[in-house]
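Here is the structure we will look at.
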């Protein structure tokens, strides 16, 4: 398909964008900064690896978007597709970089941005370019998802683009009734574009370009791997994935997120993989500072989705804690550890206090969540207030088996090794938790602190008592604490009250903060709540131990003075 020559100056918008990002002239997050630095470095040294930067291919692809395609919906209905700088970086990178064989370099692309950034029109445009203008005979273009309804969303964008473009409408044939189209055909090249899903239960696809939407909703890698396997007979096939951030770091989406971040940063070498991953820097808090919003919303400078919309989302999330994780994930590209966290980050971080307070001599209660074999073990002490320090003080300790710790870090997607090196986590020798080592540590802590009682899961108390007796360890009373709603609900309520009223302080241990971010609750018909490990997207052992400690502290703290003897009460004559 010919492209009209009347264009804006797009000599090399990819390199211009990369230079602006690296120079700090365009606000971008860490992974986008890395991707741009990678592009600039490849311009300097890529030729030694056979890489070729084809600026004419860049201009042709971007020109196709701006001269052939039109947008649809609302105020964009029928408007020309004005390619934004970040979109130009993606399009130009995918179609401009080639290998020594003359075919496209990138065969897999992963794009993660905040909701409303324009990912779907971008993907639909790439699919249409592959259908009509990529020089591929019998090209198969697929909009793919786990469910047919999801696949139809991206495909409808492509159908609308065809309807809005006189050039495409004349050259393409659609199948299906209006609003229920299921195929777009380019008859001169015997090529087609259609939606598919895992529901179809078919194989034999040979995609030239496969567009995969909302990767964070893919429970397995079935669709992705099925399509990737089909590209083996295509010389410059492209798997193009778009998504919002997710909630579970044990998923396909996080695997691609993590892989893309490492490739962009140069930690892994893969010349066939492209990633554009929007994210905030670790020090950013989108609920406190609007300046970081552009990092997750690369179209924000063009008013998409708009400051008004984002401000509304933040305002509602502040007043509705249950909405906070969704806003952080969808609007600010933050991978929240639970879809509906019990403890909001604002509340938890607001109770952080690393001031070194004197804890010896203060009464305290302990909670012990001891793993059976290889998982995280947590012990938490809760110190009661004093006249000089009016706060309850939370102090945690954590243990993991040291053998294979790097594998556990990869599995759980958390920096166990860094936590160990910073003394936030104790790595015990061996493949399983050494219960005796934990008990000896408890004995040392008992000699240092005034521990009144240690709460523990009642189902394992007898085994621990036997070990304590065998070792002749001097420990405070080790008492059972039920894990059901009856015992956990009032303890959870007390722990929550201390947090919400800012009556508790914790020392910012990152393992404990991770557990707090993962914590989600179950509720019984009577409204009682408890933390559920089954629904959490990570370890919550530290929070469970802290709740048990709070339960014991609540039951045994100093009672209020009985003043009835001073009243005119006949019982006290």
Only residues that are without any contact (Cβ under 8 Å) to a residue 60 or more places away in the chain and surrounded by 17 or more Cβ atoms within 10 Å (Cβ to Cβ): list them for region 98-114, please. 98
Considering every residue within region 319-336, establish whether at least one is over 21 Å from the mean Cα position of the chain (by Cα) and modelled with pLDDT under 90. yes
Could you please find all residues in region 386-414 being touching a residue at least 60 places away in the same chain (Cβ under 8 Å) and in contact with a strand residue (DSSP E or B) (Cβ under 8 Å, 6 or more places away or on another chain)? 391, 392, 393, 394, 395, 396, 398
Residue in region 474-491 that is touching a helix residue (DSSP H, G or I) at 6+ places or on another chain (Cβ under 9 Å), surrounded by fewer than 17 Cβ atoms within 10 Å (Cβ to Cβ), free of Cβ contacts under 8 Å to residues at least 40 places away in the same chain and in a loop (DSSP other than H, G, I, E, B) present: yes
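The rows are residues; the columns are (1) closer than 18 Å to residue 443 by Cα; (2) under 30 Å from the mean Cα position of the chain (by Cα).
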{"position": "363", "(1), (2)": "yes, no"}
{"position": "375", "(1), (2)": "no, yes"}
{"position": "393", "(1), (2)": "no, no"}
{"position": "408", "(1), (2)": "no, yes"}
With criteria (1) within 16 Å of residue 65 (Cα to Cα); (2) surrounded by fewer than 24 Cβ atoms within 10 Å (Cβ to Cβ), residue 158 comes up short on (2)
Would you be able to tell me the number of residues in region 161-170 that are out of contact with any helix residue (DSSP H, G or I) (no Cβ under 7 Å at 6 or more places or on another chain) and within 15 Å of residue 131 (Cα to Cα)? 1
For residue 153: the one exception among (1) more than 27 Å from residue 261 (Cβ to Cβ); (2) assigned to a helix (DSSP H, G or I); (3) at pLDDT below 95: (1)
Region 56-80, residues that are within 13 Å of residue 122 (Cβ to Cβ), within 32 Å of the chain's Cα centre (by Cα) and at pLDDT 95 or above: 61, 62, 65
Taking region 421-454 and keeping residues surrounded by 18 or more Cβ atoms within 10 Å (Cβ to Cβ) and in a helix (DSSP H, G or I) leaves 435, 438, 439, 442, 445
Can you give me the ranges of the helices (runs of 4 or more DSSP H) entirely in region 23-97 with at least 1 residues that are closer than 30 Å to residue 168 by Cα and assigned by TED's automatic domain parsing to the domain that holds residue 155? 55-68, 85-96
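The values are calculated or read from the model by the stated rules, or taken from the named source; none is laboratory data. What you are looking at is a predicted structure, and each value in this text was computed from that prediction instead of being measured. Note: ideal-geometry Cβ built from the backbone for every residue, glycine included; neighbour counts use all protein chains shown.
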